[in-house]
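Inspection log for the structure reproduced underneath, given as structure tokens.
The values are calculated or read from the model by the stated rules, or taken from the named source; none is laboratory data. Here the structure is a predicted model, which means the values were calculated and not measured. Neighbour counts are summed over all protein chains in view; Cβ atoms, including those assigned to glycine, are modelled from backbone coordinates with ideal geometry. Remember, those area values only see protein heavy atoms, side chains included, never the ligands or the DNA or RNA. Shrake-Rupley method; radii C 1.70, N 1.55, O 1.52, S 1.80 Å.
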Amino acid sequence: MNIVLLGAPGAGKGTQGEILAGKLGVPKVATGDMLRSAVKAGTPLGKQAQAYMEQGELVPDEVILGIVEEKLASADAESGVIMDGFPRTLAQAVAIDELLSARGSRVHKVVNFAVPDGELTVRLLGRAAVEGRADDTPETVRKRLEVYRKETEPLISYYQKQSVVKSIDATGTVDEVAVRVDEVIAVP
Ligand code: AMP
């Protein structure tokens with residue numbers, strides 16, 4: 001099963017994606033994690049992505065699609081994937097639909113993580129203190145939320161048209177949210 005975790009930065013997709021990947025035994029395609037590793041390792045991809053990430057801007061679609069395609073081609077992605085932080089633009093959503101369709105597959109479920117704006121900001125700035133992420137500064141957080149509203153939020157209606165998206169209340173404890181995710185995915 002191919003699952004997309006949709007939602008603003010700080011909505012908890014990473015945490016829940018990790019839990020879900022463990023339960024279902026399928027790999028996670030987390031483009032933000034992949035990019036951060038590349039930046040850390042100083043690879044050409046990392047060098048290309050770093051400036052965008054530090055500004056809170058999106059990395060260009062063709063760069064992202066290149067790394068996702070590579071990941072999907074790996075053997076362990078055959079039984080399905082959990083996409084976290086991807087797709088983030090309409091162009092990415094259309095591209096992944098085409099890619100999966102060419103393999104006789106599709107996006108089966110989309111979980112939209114709903115969290116009020118004020119709480120997102122508090123969470124992101126709190127995470128900055130704990131994880132020290134370079135893009136969790138007040139100015140970048142504002143930019144990332146703005147980019148989310150403009151580029152990514154329209155994907156909710158894109159997936160509504162495919163009747164595959166369900167929104168969950170993503171406030172509360174990690175365990176409480178995990179139960180809601182399971183209900184949408186129908187994990188026993
Ligand atoms: P994340 O950890 O998912 O919040 O991603 C951190 C940063 O990586 C984002 O602010 C973007 O600069 C970049 N990024 C991650 N995933 C994508 C994507 N699917 N499309 C474009 N940029 C991305």
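Which whole-number value in Å² is the accessible area per residue of the stretch 3-181, probe 1.4 Å?
Values: 8810 Å² over 179 residues.
So the stretch 3-181 comes to 49 Å² accessible per residue, rounded to a whole number.
Considering the chain as a Gaussian network with a 10 Å cut-off on Cα pairs, which listed residue, Ala51, Ala129, Ala95, attains the greatest mean-square fluctuation?
Ala129
Given Cβ point charges of +1 (Lys, Arg) and -1 (Asp, Glu) and nothing else, what value in debye, to the nearest 20, does the dipole of the chain about its Cα centre take? Mind dumping the intermediate values first?
On the way: 22 positive and 27 negative charges, 13 e Å.
So the magnitude is around 60 debye.
Are there GluC sites (Glu not before Pro) in the stretch 49-105 that DSSP puts in a loop and that have at most 14 other Cβ atoms within 10 Å, and which ones?
On the way: sites: Glu54, Glu57, Glu62, Glu69, Glu70, Glu78, Glu98; in loops: Glu57, Glu78.
Those satisfying the criteria are Glu78.
Looking at this model, which pairs from Lys143/Lys166; Lys71/Lys143; Lys40/Lys166; Lys109/Lys143; Lys40/Lys150 are more than 32 angstrom apart at the alpha-carbon?
Over 32 Å Cα-Cα: Lys40/Lys166.
Keeping the other protein chains in place, figure out the carbon and sulfur percent of the accessible area of the stretch 3-181, with a 1.4 Å probe.
C and S atoms contribute 54 percent here.
Which residue, Ile64, Ile82, Ile168, has the most motion in a Gaussian network model of the chain that connects Cα atoms within less than 10 Å?
Ile168
With a 1.4 Å probe and every protein chain left in place, tell me how much accessible area Thr140 has, in Å² to the nearest 10.
Solvent-accessible area, nearest 10 Å²: 10 Å².
Which FRET efficiency value, to the nearest 0.05, is calculated for Ser105 and Ile156 with the Förster distance at 22 angstrom and r the Cβ-Cβ distance?
Efficiency, rounded to the nearest 0.05: 0.55.
What residue among Gly80, Gly32, Gly66 shows peak mean-square fluctuation when the chain is described by a Gaussian network model with Cα springs under 10 Å?
Among Gly80, Gly32, Gly66, the largest GNM mean-square fluctuation belongs to Gly66.
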